[in-house]
Structure formats: C-alpha cells, structure tokens
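Encoded as structure tokens, the structure appears first; notes follow it.
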C-alpha cells in the first residue's frame, strides 16, 4: 500500500495552515458519517466544547489527542486526513475499523488554539499538569483515559524548526518518543511495545524522508502526560511534527504524520507478539538544537568604529493577526562562527551590513537590513 498515493486522494482539503480552531473543525465533524461517533466530552476554561471522535469496533483501543498545546495544529490536520481515509469502504479502511476502536480528541485545548498559545486560558501548560490535574482539560483527558482503558496512547504534538535529526543538517521532520516510566529510564515490556511501533513507523518514513526522523529526549517528568500514562502501564507514544524544507505551513509534514499513523495501525494489526526493538529505537538519531530559520554569515559590521566580520541568525515568530498566522523574522543571535545550520543561509562575502536604525544587528530587532546598501532584506529574505 503506497501511503503517499493514498494521502493525495484523501487529504482533508478544508484544513490548511497553522491556525486550526474549533471553528475550522466543527463543520467537518458535522459532516462525518454514522461510522464516526462524534460527541462533546467536556468544556475548556472558557466553556468552549471539546470534541471526541470514536471510530471502529475492534478490540485494540487507541486513545489519541492533539492540540494539547493550542498552537500545535499539524497533527490535528493529520487526524482529519485519517478520518477521510476511514470514511472509505476500502478493504484497508474496513480492516482498521474492525480491528481497532480509535478514540480521538482533535483539539484538547480549544482556548489555546483560538489564542494561538501553547497554554490554556489559565496560562497552564496542560502537558505539565498530569499530577495536579488543576485544569478542566487535564481532568477531561484523564477521565477519558480511565474510562476508555486504551491499549495504546498517541500524544500528538508539533516541535519547533530548531531541531535536527542528530548531528546533521537534516531537519527533524517527524520525531518520536517512547516516554520513560520512571527516573531510571529503563525499558520494560510496556515501553518496549511503544518502541516497536515507533520502529515500524520510522522504517516506513525512511522511504519518504530519509534521515529526517528524530528521537525526542526521554528525560523523565511525571508531570508530563506521556510519562504519566507510560507509568500507568499503557504503551504511550509522543509524535512531534517538525519542519520539512520550506514548509512553514506544515502541509508536507502533515502528510508524514498521516504516514506514521497509518503505518502504526498496520503494524499493530499485523503483530500479535512484540520483538525487542530497543536497539533499533536508540539508533534513531536524537533531536539536536542545530537549526535557525536564517543564518547570515561573513557580514561586515561597523561597531564602535571597528569593522567586524561576523555571523548572525534570525528566527521567525508566529504572530496571530486577523485569524491568520504571520511569520515575522527577528534577530536571535550575533556571534562570530555561529555553530548552527540555517534553513536559509546567506553568505555576505564580507560585504557591509546596514539598516535603517543604528547599522548593527541586535537581538530582538526585526530582520530588515541591507547588504552593501543595494541588496535589501525584508523579514529575513532578500527582497526581489
């Protein structure tokens, strides 16, 4: 089964870009067929509905939730792509619905989604609230976990553009983690089950994005929901949707999350026994912070009457303006010999830096400047 070809046929066209809220998903939820049990399972701090979608009648139960962090929407789009696939009457779709019961929460944090923030309306990171359970969204997820009694949990997130897959200049387009279940970070049968699924997803993804799959850091924190659920003896997998070359809207990345979700289901469907794949898992390169959005090398900066050949970097901030995400580039580092890769790199060839203020790049300043007074950079990019 060619998952990329399938994806091109089933992609949910009504969802696009980074800003995904209840207003975007509600019309789609209303249009789902009777195969999908759509329900309102609770409310957010601001009384926005939190929805769940239940698909399938099988004995393998998987709980999935997305947008626990409101500004991490890529996996939400992928869930709706998966729903589109499962709407079909193909043999593959019918097998999944017979083998599995999937309980999916597309947007756990609708207040954060609307405000485009990581935290909820009380400014609490829901992924650090698994012990205190101080927020209605956290309590709701825990109740769903306790009532549904899943065989697997899929914790669906986005990660920033700064991550590489190991010590390479390959972006970590998709990353995974089988969270630790205690401080020792040892491997038990529960964690190994999660690891086996991750290895299967990585094997499939390597066909399409070779060397662009990473492994997230497994430092233990029982306040994190994945660590908590793993410690409660349910195999739990963290999905991190990251950067694909030039894909700031995460439309390519959503495709690979769909591939990962499908290959996970195929693996679980076809494997009654779990082999120890720990070695394969640890061989997935660990995420490193090696990228910036823009790297500008070998620029001549006149500072206090001294000419200095230096390197500086800029990073996009994602700003919500009129219900759209605008990417605004700001300088983040100025340092000779900057040891980062840029998703976009420019060699100034020792030409002169200038701008419309003090002719010095400064951290926090917008990335609007000139090279040799005649090449203009606007919002980080050369203006053509």
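Values in this text are rule-based calculations from the coordinates and carry no lab data. Please read all numbers here as calculations on a predicted model, not as lab measurements. In this analysis, Cβ positions are derived from the backbone assuming ideal geometry, glycine residues included, and neighbour counts consider all displayed protein chains.
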Alpha-carbon centroid distance for the pair the range 177-201 / the range 90-135, whole angstrom: 21
Full-extension gain in nm, residue 374 to residue 323, via 0.36 nm per residue minus C-alpha separation: 14.9 nm
Computed [θ] at 222 nm, helices only, for the chain once each DSSP H run of length n ≥ 4 contributes -39500 (n - 2.57): -8500 deg cm²/dmol
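Multiply the residue separation of residue 132 and residue 203 by 0.36 nm, subtract the distance between their alpha-carbon atoms, and state the gained length in nm to one decimal.
Working: separation 71, 0.36 × 71 = 25.56 nm, distance 3.72 nm.
Length gained, residue 132 through residue 203: 21.8 nm.
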Cβ-based exposure ranking for 322, 347, 158, in which fewest neighbours within 10 Å come first: 322, 347, 158
DSSP beta bridges in the range 240-354 [antiparallel fraction, %, rounded to 5]: 70
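Can you give me the relative contact order of the range 243-384 as a percent, contacts being Cα pairs under 8 Å and 6 or more apart? Present the calculation step by step, with values, prior to reporting the outcome.
Details: 232 pairs, mean separation 28.6, N = 142.
The normalised contact order for the range 243-384 reaches 20 percent.
Listing 66, 90 from the residue with the fewest other Cβ atoms within 10 Å to the one with the most, what is the order? Working shown, then result.
On the way: 66 30, 90 14.
Least to most surrounded, the residues fall as 90, 66.
If packing is taken as the average count of other Cβ atoms within 10 Å, what order do 71-81, 248-258 fall into, highest mean first? Spell out each step's value before the answer.
Details: 71-81: 27.0, 248-258: 22.6.
Put in order of decreasing packing, that is 71-81, 248-258.
Assuming 0.36 nm per residue, please report the length gained on full extension of the stretch residue 34 to residue 8 beyond their Cα-Cα distance. Each step should come with its number before you reach the end.
Numbers: separation 26, 0.36 × 26 = 9.36 nm, distance 2.42 nm.
Between residue 34 and residue 8, full extension yields 6.9 nm more.
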Rounded Å value of the spacing that divides the Cα centres of the range 235-292 and the range 335-384: 35
Overall dimensions of the chain by Cα: Rg and Dmax, Å: 22.2, 74
Sorted by Cβ neighbour density within 10 Å, fewest at the top, the residues 349, 328: 349, 328
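Among the DSSP beta bridges whose two residues both lie in the chain, what percent are antiparallel, rounded to the nearest 5? Kindly include the intermediate steps, with their values, before the conclusion.
Details: 44 of 72 bridges.
The antiparallel proportion sits near 60 percent.
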Peptide ranges 119-127, 229-237 listed from the most packed, as the mean C-beta count within 10 angstrom indicates: 229-237, 119-127
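Can you tell me the FRET efficiency between residue 270 and residue 168 if r is taken as the Cβ-Cβ distance and R0 is 45 Å, rounded to the nearest 0.05?
On the way: r = 31 Å, r/R0 = 0.70.
E(calc), rounded to 0.05, equals 0.90.
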Cα long-axis angle, helix 74-86 against the chain (0 to 90 degrees, to the nearest 10): 40
On Cα atoms only, tilt of 136-148 relative to the major axis of the chain in degrees: 40
Nearest-0.05 FRET efficiency for residue 26 and residue 347, computed from C-beta distance (R0 41 Å): 0.25
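Rounded to two decimals, what is the ratio between the C-alpha radius of gyration of the range 291-382 and 2.2 N^0.38 Å? Each step should come with its number before you reach the end.
Values: Rg = 13.0 Å, N = 92, 2.2 N^0.38 = 12.3 Å.
Normalised by 2.2 N^0.38 Å, the Cα Rg of the range 291-382 equals 1.06.
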Spin-label model distance (nm) - residue 47 vs residue 252, 7 Å beyond Cα toward Cβ: 4.5
